[in-house]
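The values are calculated or read from the model by the stated rules, or taken from the named source; none is laboratory data. Only a predicted model underlies this, so the values are computations on that prediction, with no experimental measurement involved. Here the Cβ positions follow ideal geometry from the backbone for every residue, glycine too, while neighbour counts run over all protein chains shown. Heavy atoms of the whole protein, side chains included, go into the accessibility calculation; ligands, DNA and RNA do not. Shrake-Rupley method; radii C 1.70, N 1.55, O 1.52, S 1.80 Å.
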Amino acid sequence: MPEPTKTEKGGTSTNWDAKQFAIRYGFLIVMAALYLMFSILEPAFLTWSNQFSILLGIAIYGILALGVTFTLVVDGLDLSIGSVAALSVMISSYCMVVLEQGAVISVIICLLLGALVGLLNGLLIVKMKIPDLLTTLGMMFLIQGLQLIPSAGRTISEGMLMEDGEEALGFFDPSFLYLGQGRLFGVIPIPVIVMLVIALLVYIVLDHTRWGRVMYAIGGNPEATRLAGAPVNLYRIMAYVISGTIASIGGVLLVARVGVGDITSGTGLLLDAVGAALIGFAVFGVRRPNPFGTLVGAIFIGVLLSGLTMLSLPYYTQDFIKGGVLVLSLMFTFALAKRS
Amino acid sequence: MNPIVEVQQISKSFGATQALRGVSFSFFSGEIFALVGANGAGKSTLIKIICGYYEDYEGEIRIEGQRVRFHSPQDSFRQGIRTVHQIIDQGVVPTMSIAENLALNELLDPATGLRYRRQHIRTRAQEIAEPMGLTFTNWDLPVSDLSQSDRQLISIARSLVGEPKLLILDEPTSSLSTRETDRLFEKLDQLRSQGVAIVYVSHRLHEIELLADRAGVVRDGLKSADLTRPVKSQDLVRAMVGEIDTTPHDHPHAVQAGKVRLELKNLIVRPGDPPLNLQLRAGEIVGLTGLIGAGKSELAEILYGMREPVSGEILLDGQPLKPESISSAIDKGVHLVPEDRSNRAVIPQFSVNQNLSLPFLRSFCQFALLKPRKEQQEADRMVRDLGVKCQGIHALIGSLSGGNQQKVVVARWLQRKFRVLLLDEPFQGVDIKSRHDIIQYLRDQLHDEVVLVLAADLDEILEVADRVLVLNRGRLMGEQNRNSIDRTQLLDWISTTETQFAHA
């Protein structure tokens, strides 16, 4: 390594070791330790079936979290993802059950709607200059309300009675339900595969293409990025479009898993997803949104909840645990790394 | 006379790096003491120690002979040390009124009670503004409506409350126009005669010549000079960098006026400005100087596709140049190194090589996939050629000194072929050594391109330019070749006022 250069602010590279190591690998070490502990305390934890059930449990919000990572990268935040997923749940059910449409067209409609909401978010933020949190918060309420309208506020299931008293004749196509309930080789749940594929794609886009590089640059200094010739507004809009589209994929998988257009299905998704993405900041101490961290963050929550549940932790403490993990990892990321 | 504040044998290290090595200075009442040093020399560290930001230093600080030790900036403040920061807007609350800003400490003091006493605040504000000779017609105006210079004078006035022992001004003129600078100097003169001890930190040597009673130079963590009036900039420079001579000198790059590459024809930059006519030739470095508001940056913005001219034409190699966006300007070979490095050029979370490649990512890609080796190879080359001091190309840009960051920013735009390179205030906050390196590199690389340097500082312009143009309120006042520079004439052109236009 070349000789350390002097900086006016100070700070050298010599007393790395312990602190740098802690910042970089601390989170992964904690995760490994937890994993080990659960495996010892509860042998059922380490079974293959439990591994997949953990992954299946996190797949939906893991997918949403990967989408919201894009908006975090451009220094924004999309709070509407949970309700976009819920909208996608209701619209796909409505299309299939009430409108008697096929699976493919229903899914396409959902994805387009997700992209449209993202586009709207992006335009409001970029063109009207409404702060991102406010825009997406407003959009969240709007869509939460919107998703109730087609079914008049009722849950959509096969054979339900409609407003006019007739029975709905549409049904969830088995190939559609396979998306949520099927397992590849009878082992790996399809939603898990979808999550991993999306994670891989997001990783490639953000870390290995110029699009990702420009997005990170925008998150770092939008004005400098603009002066370097990048269409900053277009990229920011795209981040929200991607986030919305990925959120609607999450929604589609959710209906396919439960086979019912449940009006309450979106609850909690937003916080879980944003939480996972924020926990991801701590992974490898990078202190910025990153797809690998997001995935690890989601898995971490899954492992923790699964392990604690097996050790008979009451279900109502789950949100408390999740919140605690999030706050702790943020403290870890920002406090510890700043001091270095 | 005894010094009011002294620092003695101050040493400070950050890990293995020794930032200061036994530096001693004395500050006297009624004196302006200029603290000078290249970027990274240790002057900021010294200032921070005096202000109480660092506890773990060696040596001692004495105030009126009493030994003191600060554990926090509040400690230092209580002992009568005041700092006015380089970034003016950190010193004021833009949304609050002039009166509220002046009386801010009063407002924040729990002893004044909960009630907002408007008249009292006003009275206090006037008392506080008085020593600076500041008056306002409307004290209820929000500070955001004021000029930079007014904002700065307000924070200086506030810092004078409670008769401070020492007033530290960190690069106070870096965002002021020349006229505003003159106004500041008048006020500082006034404060000096009232007996305030002032430490004045600046890169601008002519200001120090003009203002300072004494000057201390730090170089590489050591005190390298303690000069008294008259402070000569040659002496300062010699103490700062030793080997470099800033006086204009002949350089091997003899100006061979090539063919015309960039031509402005009746270009009106802003509504109300007179038309500009100008020809820039292949291979020349043209310096464009003028006060803030002269229209320099606006001209650069037009060439770089950020703004449309009112009317007129720009020809690049005989072809009309009408960039409708920044990226189209870049495609046409117009590159811009913007003013204000940290806010407008550097991506702080990026490494040196990521900062370098940003505008030309497409050329490091195949199907949008980045090719890391190609990117690193280029970065290595640029870092080596420009002599950027860093811990390798993967070091975060923020770990570099200001001068080295600027080298990276300039290198960013030199790594690809260009036809016109615009440098807007490229040497702000850049130490002389780095400035010299950058200029040298520019000269070495230049073949038939056009380089246009915009800067308010005449010394900088004279060092870099083959030809100097002066812009005054959008009007091209005249030009001089580097081998026939008449400083008085240039200053005249720069400072001519509106009324004099009418007689011209």
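Please specify each residue of segment B:31-66 satisfying the condition of being small (Gly, Ala, Ser), open to solvent by 10 Å² or more (accessible area, probe 1.4 Å) and under 25 Å from the mean Cα position of the chain (by Cα).
B:ALA38, B:GLY40, B:SER44 - these are the residues of segment B:31-66 that are small (Gly, Ala, Ser), open to solvent by 10 Å² or more (accessible area, probe 1.4 Å) and under 25 Å from the mean Cα position of the chain (by Cα).
Is one or more of the residues making up segment B:436-443 within 20 Å of B:LEU303 (Cα to Cα), surrounded by fewer than 20 Cβ atoms within 10 Å (Cβ to Cβ) and assigned by TED's automatic domain parsing to the domain that holds B:LEU336?
No, segment B:436-443 has no match at all.
Looking at A:VAL214, A:VAL241, A:VAL197, A:VAL202, can you tell me which residue is closer than 30 Å to B:ALA329 by Cβ, part of a helix (DSSP H, G or I) and within 18 Å of the chain's Cα centre (by Cα)?
A:VAL241
If a residue must be open to solvent by 10 Å² or more (accessible area, probe 1.4 Å) and over 17 Å from A:GLY114 (Cβ atoms), how many such residues does segment A:55-76 contain?
5
Just checking: which of the helices (runs of 4 or more DSSP H) contained wholly in segment A:1-108 hold 1 or more residues that are more than 14 Å from every other protein chain (Cβ to nearest Cβ) and at pLDDT below 90?
Helices (runs of 4 or more DSSP H) meeting the threshold: A:17-41, A:48-73.
Counting just the residues of segment B:103-136 that are touching a Phe, Trp or Tyr at 6+ places or on another chain (Cβ under 8 Å) and closer than 23 Å to B:GLN194 by Cβ, which one comes out surrounded by the most Cβ atoms within 10 Å (Cβ to Cβ)?
Filtering segment B:103-136 for residues that are touching a Phe, Trp or Tyr at 6+ places or on another chain (Cβ under 8 Å) and closer than 23 Å to B:GLN194 by Cβ, the one surrounded by the most Cβ atoms within 10 Å (Cβ to Cβ) comes out as B:ALA125.
Tally up the residues in segment B:317-341 that are without any contact (Cβ under 8 Å) to a residue 24 or more places away in the chain, open to solvent by 60 Å² or more (accessible area, probe 1.4 Å) and within 13 Å of another protein chain (Cβ to nearest Cβ), please.
Residues in segment B:317-341 being without any contact (Cβ under 8 Å) to a residue 24 or more places away in the chain, open to solvent by 60 Å² or more (accessible area, probe 1.4 Å) and within 13 Å of another protein chain (Cβ to nearest Cβ): 2 in total.
For the condition touching a helix residue (DSSP H, G or I) at 6+ places or on another chain (Cβ under 6 Å) and not in a loop (DSSP other than H, G, I, E, B), what is the one hit in B:GLY403, B:GLY398?
After applying the criteria, what remains is B:GLY403.
Quick one: is B:ILE198 in contact with a helix residue (DSSP H, G or I) (Cβ under 9 Å, 6 or more places away or on another chain) and either open to solvent by 40 Å² or more (accessible area, probe 1.4 Å) or within 22 Å of B:ILE49 (Cα to Cα) (or both)?
yes
Inspect all residues belonging to segment A:220-240 and state whether any of them is farther than 21 Å from A:GLY118 by Cβ, within 14 Å of chain B (Cβ to nearest Cβ) and among the polar types (S, T, N, Q).
Within segment A:220-240, one or more residues are farther than 21 Å from A:GLY118 by Cβ, within 14 Å of chain B (Cβ to nearest Cβ) and among the polar types (S, T, N, Q).
For B:LYS407, only one of the following conditions fails: (1) more than 7 Å from every other protein chain (Cβ to nearest Cβ); (2) over 22 Å from the mean Cα position of the chain (by Cα); (3) of a type in the set (D, E, K, R). What is its number?
(2)
Quick one: how many residues across segment B:342-353 are assigned to a helix (DSSP H, G or I), farther than 16 Å from B:ILE326 by Cα and at the interface with chain A (Cβ under 7 Å from one of its Cβ atoms)?
Adding up the residues that qualify gives 1.
Quick one: would you say A:ILE249 is crowded, with 24+ Cβ neighbours inside 10 Å and either among the charged types (D, E, K, R) or assigned to a helix (DSSP H, G or I) (or both)?
Yes; evaluated as a whole, the condition is true for this residue.
If B:GLY402 passes every condition in (1) within 11 Å of another protein chain (Cβ to nearest Cβ); (2) in contact with an Asp or Glu (Cβ under 9 Å, 6 or more places away or on another chain); (3) over 27 Å from B:SER174 (Cβ atoms) but one, which one does it miss?
Here B:GLY402 clears every test but (3).
Being charged (D, E, K, R) and either touching a Pro at 6+ places or on another chain (Cβ under 6 Å) or modelled with pLDDT under 85 (or both) is the filter here, so list the residues in segment B:186-208 that pass it.
Hits for segment B:186-208 are B:LYS187, B:ARG204, B:GLU207.
Return the residues of segment B:385-414 that are polar (S, T, N, Q) and touching a Lys or Arg at 6+ places or on another chain (Cβ under 8 Å); say none if nothing qualifies.
Passing the criteria: B:SER401, B:ASN404, B:GLN405, B:GLN406.
Can you go through B:ILE397, B:ILE314, B:ILE393 and tell me which one is more than 24 Å from A:VAL232 (Cβ to Cβ) and within 11 Å of another protein chain (Cβ to nearest Cβ)?
Result of the check over B:ILE397, B:ILE314, B:ILE393: B:ILE393.
Just give me the residues in segment A:195-218 being open to solvent by 10 Å² or more (accessible area, probe 1.4 Å) and among the hydroxyl-bearing types (Ser, Thr, Tyr), in sequence order.
Residues satisfying the conditions are A:TYR203, A:TYR216.
Against the definition (without any contact (Cβ under 8 Å) to a residue 60 or more places away in the chain and within 14 Å of chain B (Cβ to nearest Cβ)), how does A:LEU161 come out, yes or no?
no
Being closer than 27 Å to B:ALA19 by Cβ and out of contact with any strand residue (DSSP E or B) (no Cβ under 7 Å at 6 or more places or on another chain) is the filter; apply it to segment B:169-195 and report the residue that is surrounded by the most Cβ atoms within 10 Å (Cβ to Cβ).
Taking the candidates together, the pick is B:THR173.
Step by step: first the residues of segment B:357-370, then only those that are within 7 Å of chain A (Cβ to nearest Cβ) and within 28 Å of the chain's Cα centre (by Cα), then the one that is farthest from A:HIS208 (Cα to Cα). Which residue is that?
Result: B:PRO359.
Please count how many residues of segment A:128-158 are assigned to a loop (DSSP other than H, G, I, E, B) and either free of Cβ contacts under 8 Å to residues at least 40 places away in the same chain or in contact with a Phe, Trp or Tyr (Cβ under 7 Å, 6 or more places away or on another chain) (or both).
Residues flagged as assigned to a loop (DSSP other than H, G, I, E, B) and either free of Cβ contacts under 8 Å to residues at least 40 places away in the same chain or in contact with a Phe, Trp or Tyr (Cβ under 7 Å, 6 or more places away or on another chain) (or both) within segment A:128-158 amount to 9.
Which residue, of B:ARG381, B:ARG416, B:ARG412, B:ARG373, is within 12 Å of chain A (Cβ to nearest Cβ) and not in a loop (DSSP other than H, G, I, E, B)?
Exactly one residue qualifies, and that residue is B:ARG412.
Name the residue, out of A:GLY307, A:GLY302, A:GLY266, that is farther than 30 Å from A:SER175 by Cα and either open to solvent by less than 30 Å² (accessible area, probe 1.4 Å) or in a helix (DSSP H, G or I) (or both).
Exactly one of A:GLY307, A:GLY302, A:GLY266 is farther than 30 Å from A:SER175 by Cα and either open to solvent by less than 30 Å² (accessible area, probe 1.4 Å) or in a helix (DSSP H, G or I) (or both), namely A:GLY307.
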